[in-house]
Ligand SMILES: *Cc1c(COP(=O)(O)O)cnc(C)c1O
């Protein structure tokens, strides 16, 4: 039998979601409990890049309350069709010149990786008379290829961002290096937890450390055990993507 490479059929994707959703929520509940929290304390963000809006809306009907898109263009092209009962986050890298298009269209931008970007989000938010919630993205593995702030610069940069009146820092986000072993992931997740706790303890004005967004399909339970309260899961919910982003 040849392996089927593409799953284009909406009904088939919905079926994959149905098969996966209960298990993912169950595992989240167990990990939450193990980490001394309640299932409701952990937010499952469905990472919906490349997933057709019909499938996303099926997921929302089934109980998903938070979705995340990577690309401004993709999000805007789907915007009119999303079931609006779910909250939307931007989780992908954002270029300064795209900020104008996205501000006001999502309730949180998780991928803020510079004062320059935060300044532009703040400026555009003020124009609309809103405050945009943001997470600061940390490059916890110090990888050249990845965006995100160096951990040892996080406090300084968050303090700078905190003076901007059109944005509100609500926590931290990270995409750790791809690891062979789960123990290596745990090390990065632990470092994130420590940074999160350190920055919380500084009690920087106008900064909330409410959310720690980390963990994806292969490691969301480990991330929860290390303190994550947003996990971003795509493949484990919707199946393998037809094309990379
Ligand atoms: C795609 C993506 C995810 C989810 O990845 P999966 O491995 O499919 O679960 C999470 N976070 C970000 C930023 C992503 O781009």
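Here are a few things to note about the model shown:
- For the chain, the longest principal axis of the alpha carbon atoms and the long axis of helix 182-202 meet at an angle near 40°.
- Structural descriptor for the chain: relative contact order 21 percent, calculated from alpha carbon pairs under 8 angstrom and at least 6 residues apart.
- The calculated P(r) of the chain, using every Cα pair and 10 Å bins from 0, goes 7, 31, 37, 21, 3, 0, 0 in percent.
- FRET E, pair residue 22, residue 98, Förster distance 35 Å, beta-carbon r, rounded to 0.05: 0.45
- Packing, as the average of other Cβ atoms within 10 Å across residues, places the peptides 197-206, 16-25, 222-231 in the order 222-231, 16-25, 197-206, highest first.
- Counting only alpha carbon atoms, the long axis of helix 115-128 and the longest principal axis of the chain meet at about 80°.
- More than 13 angstrom apart: percent of Cα pairs within region 57-125: 62
- By average C-beta atoms within 10 angstrom, highest first, the peptides 234-240, 139-145: 234-240, 139-145
Where a number appears in this text, it was derived from the coordinates with a stated rule and is not lab data. Since this is a predicted model, take the numbers as computed values, not measurements. Note: ideal-geometry Cβ built from the backbone for every residue, glycine included; neighbour counts use all protein chains shown.
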